[in-house]
Amino acid sequence: MFLAQKLECECARVSFSHTVVRLLFRAKAKLHMPTTARTKFRFAITAAIMLSTGHANAQDAPAEPPAATPPPTAAPAQPEGLVPIPDYAGTWKDRPYLFGEFGGERAKLANKGLTFEVDWTQTAQGVVNGGKRRDWDYGGSLDYILVADLHRMGVMQGAIVKVRAESRYGETVNDDSAGLLPVNTDGFFPFASSINQGIPFTITELTYTQFLSETFGLAIGKFQTLDGDPNEFAGGRGRSQFMNANFVFNAVAARAIPYSSLGGALFWAPTKHVMFTSSFINTADSSTTSGFDHVEDGWNWSAEVDVQYRLGRLPGGFNVGGIYSFAGDFAQLGGRLIFTPGQGLSPSKEDDAWCVYTSAWQYLYAPDIKAGEDGKIDLANGKADHRGLGLFGRFGFADQDVNPVEWAASLGLGGRGLIPGREGDTFGVGYFYSEVQNLRVSSIIGLEDSTCGIEAFYNIALTPAAGLTFDIQWIDGGFSNIEPSTVVGLRLDLRF
């Protein structure tokens, strides 16, 4: 089972270029520009960093411009911000954060450029049939997210700093289901030395984003990549939509991309519906380290374009990209074994690898969207923006010299609010398939040439800040000596 666990660990990694795209779907940018340029820029950075479901309200609208010659006693005007101020108001039943306003202090901090949130996800999941063994496990994770809008603070125009720290506890059935990719994505990350190892506290993201114009910017620092490959109906970090990793990212992009590592990127948004990114990220995972000890372990360069459009009045979108890994140390699959004195036999190595991928989504039914409506869809919030039903799909293929997955695809349906009176509930059903290389070691461990599975979930919106998900999966892990597994789960996600 060592190879299966190795593949499971390797294949859970995703493309950094998508993470930068996520930075361009949520923040409301208001640099000191003419009104027309400000309007254009508002779309260019619509995610420079936002929290999961930060909502702007009427109070977030730009204030009237100050008089040309204010009275001598007038206080300096507060700079407008890049990140919209979340709406913390309301009762616990209707506000997007359970902690609320903290007596107004939280809104005061946000007005000064500092926002924060804590996300707590708990999962109880069991293998009820097949798999390596029948078992039930419980575990959870906490994400602590802090965003400093340096523009609003008056420190640096066009700049944002984001910090994400994470904790993990308990166990998962990822090692019981016999799937090549985890059936509990949230419980698999950040990476540790073993699958169910607890992580008391680690910083997985520390980034600095600088916008140089209304359409162009850069980001540097330590990035976490699970927000990569955002999709309207199949994303959410395994916390709010599908739990299986095959519906969170494309398996072919997993060979060399870590969960958390050092990197940098450039991004350009010529229009509000088109985004180009180019990025570099280290191949070594730094989930629990600074990452500076691994800068010579190899690098990944990725390039991608993300597009949104309207099919009639129905929103849709897609991305196309590629990843080239170089200066690395990748085992050559199917290659000859090399004897090294003092180390024994080891596989021959390759120093580069590549993969190409695409992801797409399309609303099929959205009764509340009006003709002529042209707003951008927020792919980073882990839920369908509109009430309705849509289609999603992913496809990719990879370098067969080093990647155990030749090609991978997934397809499904997702949506929100189709049951009267349950407008906040979300749901999805999907099928995935991965073609696996037939290696010499495959027959020894019983690994067949493909793996596939089905997942369905229904998320009940208890409040805007709390969701309870019922989930069921059928997984054929591709091992001839292990029966396909049936996995059921219950997930509670709380936002504070």
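The values are calculated or read from the model by the stated rules, or taken from the named source; none is laboratory data. What you see is a predicted model; the values in this text were computed from it and never measured. Cβ placement follows ideal geometry from the backbone for every residue including glycine, while neighbour counts extend to all protein chains displayed.
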Residue 205 fails exactly one of (1) in contact with a Phe, Trp or Tyr (Cβ under 7 Å, 6 or more places away or on another chain); (2) farther than 16 Å from residue 141 by Cβ, namely (2)
Determine if the range 161-179 includes at least one residue that is in contact (Cβ under 8 Å) with a residue 60 or more places away in the chain, acidic (Asp, Glu), in contact with a Leu (Cβ under 9 Å, 6 or more places away or on another chain) and more than 23 Å from residue 473 (Cα to Cα). no
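Please pick out the residue among 196, 184 that is crowded, with 17+ Cβ neighbours inside 10 Å and touching a residue at least 60 places away in the same chain (Cβ under 8 Å). Outline the logic, then answer.
Numbers: 196 fails: touching a residue at least 60 places away in the same chain (Cβ under 8 Å).
Testing whether each residue is crowded, with 17+ Cβ neighbours inside 10 Å and touching a residue at least 60 places away in the same chain (Cβ under 8 Å) leaves just 184.
Quick check on this structure: which one of 252, 248 is touching a helix residue (DSSP H, G or I) at 6+ places or on another chain (Cβ under 7 Å) and in contact (Cβ under 8 Å) with a residue 12 or more places away in the chain? Reasoning before the result, please.
Values: 252 fails: touching a helix residue (DSSP H, G or I) at 6+ places or on another chain (Cβ under 7 Å).
Sole residue among the options that is touching a helix residue (DSSP H, G or I) at 6+ places or on another chain (Cβ under 7 Å) and in contact (Cβ under 8 Å) with a residue 12 or more places away in the chain: 248.
Would you confirm, using the coordinates I've provided, whether residue 99 is over 22 Å from the mean Cα position of the chain (by Cα) and farther than 30 Å from residue 434 by Cα? Before you say what the answer is, go through the steps one by one.
On the way: over 22 Å from the mean Cα position of the chain (by Cα): yes; farther than 30 Å from residue 434 by Cα: yes.
Criteria met by residue 99.
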Here are some residues: 454, 482, 475. Which one is of a type outside the set (Asp, Glu), surrounded by 15 or more Cβ atoms within 10 Å (Cβ to Cβ), assigned to a strand (DSSP E or B) and out of contact with any Phe, Trp or Tyr (no Cβ under 8 Å at 6 or more places or on another chain)? 475
Which pairs do you get when a residue that is under 16 Å from residue 485 (Cβ atoms), found in the range 438-462, comes within reach of a residue that is at pLDDT below 80, reach meaning Cβ atoms under 8 angstrom, with the pair 6+ apart or on two chains? 447/3; 447/4; 447/439; 447/441; 448/442
Residue check, residue 232 against (1) of a type outside the set (Lys, Arg); (2) within 16 Å of the chain's Cα centre (by Cα); (3) closer than 27 Å to residue 165 by Cβ, all met but one. Which one? (3)
Condition check: farther than 16 Å from residue 176 by Cα, surrounded by fewer than 19 Cβ atoms within 10 Å (Cβ to Cβ), of a type in the set (Val, Ile, Thr) and modelled with pLDDT of 95 or more. Does residue 460 satisfy that? yes
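Would you pick out the residues in the range 393-412 that are in a strand (DSSP E or B) and either surrounded by fewer than 23 Cβ atoms within 10 Å (Cβ to Cβ) or small (Gly, Ala, Ser) (or both)?
Passing the criteria: 393, 395, 396, 397, 398, 406, 407, 408, 409, 410, 411, 412.
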Determine the pairs where a residue that is under 17 Å from residue 371 (Cα atoms) and without any contact (Cβ under 8 Å) to a residue 60 or more places away in the chain, located within the range 306-318, has a partner that is among the small types (Gly, Ala, Ser) and part of a loop (DSSP other than H, G, I, E, B) with Cβ atoms under 8 Å apart, the partner being 6 or more residues away or on another chain. 314/366
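Kindly check whether there is at least one residue in the range 428-448 that is within 30 Å of residue 95 (Cβ to Cβ), part of a strand (DSSP E or B) and modelled with pLDDT of 95 or more. First the steps, then the outcome.
Here is the first cut: in the range 428-448, the ones within 30 Å of residue 95 (Cβ to Cβ) are 428.
Filter once more, keeping what is part of a strand (DSSP E or B): 428.
Narrowing the set further to residues that are modelled with pLDDT of 95 or more leaves 428.
Yes, because at least one residue in the range 428-448 is within 30 Å of residue 95 (Cβ to Cβ), part of a strand (DSSP E or B) and modelled with pLDDT of 95 or more.
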Give just the number: which of (1) in contact with a Gly (Cβ under 8 Å, 6 or more places away or on another chain); (2) more than 29 Å from residue 469 (Cα to Cα) does residue 371 not satisfy? (1)
Condition met for residue 115 (buried (at least 19 other Cβ atoms within 10 Å of the Cβ) and among the β-branched types (Val, Ile, Thr)): yes
